[in-house]
Every structure is written in structure tokens, then in C-alpha cells.
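Structure record follows, encoded as C-alpha cells.
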Amino acid sequence: MKIRVGIVGATGYAGAELVRLILTHPAAELAAISSVSFEGKKISEVYPNLAKVCEMPLTDAGKMAETCDVVFAALPHGLSEPLAAECAKTGAILIDLGADFRLEDEADYQKWYQKSYTCPELHKDAIYCIPELHRSAMKEQKIIANPGCYPTSIALGLAPALTKGLVETTGIVIDSKSGVTGAGRGLTQGTHYPDTNEAFAAYKAGVHRHTPEIEQILSHLAGKAMQITFVPHLLPINRGIESSIYCKMKTDLAVIHAAYCDFYKDEPFVRVLPLGSYANVKNVRMSNYCDISLHADERTGTLIVSSVIDNMFKGAAGQAIQNMNLRMGLAETVGIDMIPPAI
């Protein structure tokens, strides 16, 4: 029997990517999709690429928790907790692509999102999971916090260095760039075509909401409290993230590269490139891969990590399905083992 999947927020970019991937997942079936903005329309009317593939109507989230085994929430922050409460009543598993369950400290959530938890007891049963780093903690949790796109690229890029003590934990600077889909489907002046085309600029430097999530996961990896400098940028491309991470080396590049290769040797979705190669968002597009390249500024003793992912895939929908596979006892690669296109 296939896993019955519901998607709340199916017409956002991450939601639409979930629809696309679940439709071809061999162990899952799309049971229900919802959208406040387009309720009553068919998903193919909103996304014509789905014509003759999926003509399912978009409904109210309603009784989705009662009819589905797994519910994906692709919603803005503050909207997933009530849905999690409904899932808790029925036993459905909630995989949240938003921020409601990512932060361990409610004070951080209040500071960065200007909201308080409405269902604090639910957070005790939630797990934050990048499968490559947290799969051993996945048990019978009913709520899975799917990590943010920037934190995913950064955590995978730094995990071997921090867990093996290969770099200093202070003074780390993270310079990330994302495609425009990372800003969501709603149009703003900053994502308007004339403002993004042939443009490249930083935004929310030092105050981006992913900062506490990044520091939380890096602190766990390092085994000590960490603070980083995080500066995101908007790239004039549809999808993809490149994170350039700068930190002080405690050993030479060859040793660090060998440690990375060993750390990820059994991970199907993480590829550590040979020394001298550069990670490129083009080579992970439309896939669940994370490519990592390592470089050194020998003059200053600085390690430069370049980590790339597709923000809609490994940074959102693909990783969410990887988490579903993990939680449901399937091979993690099922339904998301696509090869990136060459062009």
C-alpha cells in the first residue's frame, strides 16, 4: 500500500516541487493538495506543466490530516503549528518546510520571527533533520522540521571540518548566493524582473532569519556555542545556492580534503570534488545532490569551502521527501535519485 501524501501550500514554489516529485514517487501517492490563493482551481491551471499529468483540484486543508499518512506543510512561518496539532490528533506525520519547528529555543523564534509558539508541547516531539547529519536521531517522531535551504548548504559544507576539529570555530564568514525562487512565489520589488535581471546584490546582511538556525546546527556539530557572520545574496537565476565559507585551518588542505572524502564516502547525495575543481550550481540543478569543493588561501591559512545545492530540491522539496523516506523506512534515495541535467 502506498503512502498517502497531502501537500498544504501546493502552489508555492516548494509546494509545486513537492507535487512534481510525489507524482513519480514509486512508494507514495498524492492524496490531497491545498491552496488558499487558488482554492477550487486545478493544479494544472496554476502550473500548466502539469497538464494531463495532474488535474487534481486544490482544496481547503480541511481534513487532510485524517485522510493522509504524511502531510507536507509548505507554508510561511506561523502557519504550521495548527496543522501539526491536527496531525497529532490523527497520527499523521507532518513534515514542515517552514520555520515553525526549526529552532530549539522559543526566545530565538520570538526574536527572529516576532512570534511565540502557539503549541509549545508539540515541539517536544519534533526533530530537525538533515538526513546526512541527523538520521540516527530519527525514531518515531511525528513532526519533522525540514531545514532551510541556506542552512543545508552551510551545514553540509562545514560538518566534517567542525566535527573533526579541523578549523577554528571563531571568525567564520559565510557568503551565500541564492536563486530567486528562494524568495518565494509572492512578488516583491526586490524580486521583480527588472530589479533582478543582470543584477547581483547582498540583502539582509547580518540579520537574515536563517542565522539562528545556522548557528544552532553548527554549535551542535562543533560541540560548543558558535556565532558566524552570514551574508546572503540574490543571484539572477531561478534556482540554486552557492555558499562560500571562510574559516581558519588547523591543518593542511590535503588532510582536510581526505577527511571530507571519508566523512561523506557512504552518502549518496553528497559529492566531494577533487582538489582543484570548483563546485557549480549548474551541476546539481534539478537534483538532491550537494557538491562540495575545498580550497585554501595558504598566505592567510584560510580554508574556503564552496557548497552548492538546488534550493528547491535539496534545499526544500527533495530533502523533505528524503526525510519522509527515512521516517517511513524506505531507502532515502527512492523517488529523488534524479541525475542533474548536463545543460
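Mind checking which residues of the stretch 41-63 are surrounded by 15 or more Cβ atoms within 10 Å (Cβ to Cβ), modelled with pLDDT under 95 and of a type outside the set (S, T, N, Q)?
Within the stretch 41-63, just Ala61 meets the criteria.
(1) within 14 Å of the chain's Cα centre (by Cα); (2) more than 30 Å from Glu66 (Cα to Cα); (3) among the aliphatic types (A, V, I, L, M): which one isn't true of Ala161, the others all being true?
Just one mismatch for Ala161, condition (1).
Quick check, is Thr11 over 24 Å from Glu332 (Cβ atoms), of a type in the set (Ser, Thr, Tyr) and touching a Phe, Trp or Tyr at 6+ places or on another chain (Cβ under 9 Å)?
The answer is yes for Thr11.
If you check every pair at least six apart or on different chains, which have Cβ atoms under 8 Å apart with a residue in the stretch 103-117 that is touching a residue at least 12 places away in the same chain (Cβ under 8 Å) first and a residue that is part of a helix (DSSP H, G or I) and loosely packed, with under 15 Cβ neighbours inside 10 Å second?
What qualifies is Glu106/Pro120; Tyr117/Glu106.
Select, from Ile321, Ile304, the only residue that is crowded, with 21+ Cβ neighbours inside 10 Å and either in a loop (DSSP other than H, G, I, E, B) or on the phi < 0 side of the Ramachandran plot (or both).
None of the others qualify; the one that does is Ile321.
Can you report the number of residues in the stretch 244-278 which are within 16 Å of Ile339 (Cα to Cα) and in contact (Cβ under 8 Å) with a residue 24 or more places away in the chain?
4
Restricting to the stretch 118-138, give me the number of residues that are free of Cβ contacts under 8 Å to residues at least 12 places away in the same chain and either of a type outside the set (Ser, Thr, Tyr) or on the phi > 0 side of the Ramachandran plot (or both).
Here is the first cut: in the stretch 118-138, the ones free of Cβ contacts under 8 Å to residues at least 12 places away in the same chain are 121, 124, 134, 136-137.
If we keep only those that are either of a type outside the set (Ser, Thr, Tyr) or on the phi > 0 side of the Ramachandran plot (or both) as well, we get 121, 124, 134, 137.
Qualifying residue count for the region: 4.
If you check Ser306 against the conditions, is it of a type in the set (Ser, Thr, Tyr), touching a helix residue (DSSP H, G or I) at 6+ places or on another chain (Cβ under 9 Å) and farther than 24 Å from Lys164 by Cβ?
Criteria not met by Ser306.
Which fully enclosed strands (runs of 3 or more DSSP E) of the stretch 98-210 have 1 or more residues being over 30 Å from His257 (Cα atoms) and at pLDDT 95 or above?
Strands (runs of 3 or more DSSP E) meeting the threshold: 126-128, 143-145.
Which of the residues that make up the stretch 69-122 are touching a His at 6+ places or on another chain (Cβ under 7 Å) and buried (at least 19 other Cβ atoms within 10 Å of the Cβ)?
Scanning the stretch 69-122 gives Gly98, Ala99, Asp100, Phe101.
When the residues of the stretch 1-55 are filtered to those that are farther than 20 Å from Ala316 by Cα and hydroxyl-bearing (Ser, Thr, Tyr), which remaining residue is nearest to the chain's Cα centre (by Cα)?
My answer is Ser37.
Could you please find all residues in the stretch 325-343 being hydrophobic (A, V, I, L, M, F, W, C) and free of Cβ contacts under 8 Å to residues at least 40 places away in the same chain?
Ala331, Ala342, Ile343
Being small (Gly, Ala, Ser) and closer than 23 Å to Phe313 by Cβ is the requirement here; does Gly184 meet it?
Criteria met by Gly184.
Taking Gln216 as the residue in question, decide whether it is over 20 Å from the mean Cα position of the chain (by Cα) and polar (S, T, N, Q).
Working: over 20 Å from the mean Cα position of the chain (by Cα): no; polar (S, T, N, Q): yes.
It is false that Gln216 is over 20 Å from the mean Cα position of the chain (by Cα) and polar (S, T, N, Q).
Looking at Thr191, Thr163, Thr181, can you tell me which residue is touching a residue at least 40 places away in the same chain (Cβ under 8 Å), in the same structural domain as Tyr260 (by TED's automatic domain parsing), surrounded by fewer than 24 Cβ atoms within 10 Å (Cβ to Cβ) and touching a strand residue (DSSP E or B) at 6+ places or on another chain (Cβ under 8 Å)? Walk me through it before giving the result.
Numbers: Thr163 fails: touching a strand residue (DSSP E or B) at 6+ places or on another chain (Cβ under 8 Å); Thr181 fails: touching a strand residue (DSSP E or B) at 6+ places or on another chain (Cβ under 8 Å).
That would be Thr191, the only listed residue that is touching a residue at least 40 places away in the same chain (Cβ under 8 Å), in the same structural domain as Tyr260 (by TED's automatic domain parsing), surrounded by fewer than 24 Cβ atoms within 10 Å (Cβ to Cβ) and touching a strand residue (DSSP E or B) at 6+ places or on another chain (Cβ under 8 Å).
The values are calculated or read from the model by the stated rules, or taken from the named source; none is laboratory data. Note that the structure is a prediction, hence the values are computed from the model and not measured. Ideal geometry is used to build each Cβ from the backbone, glycine not excepted, and the neighbour counts take in all protein chains shown.
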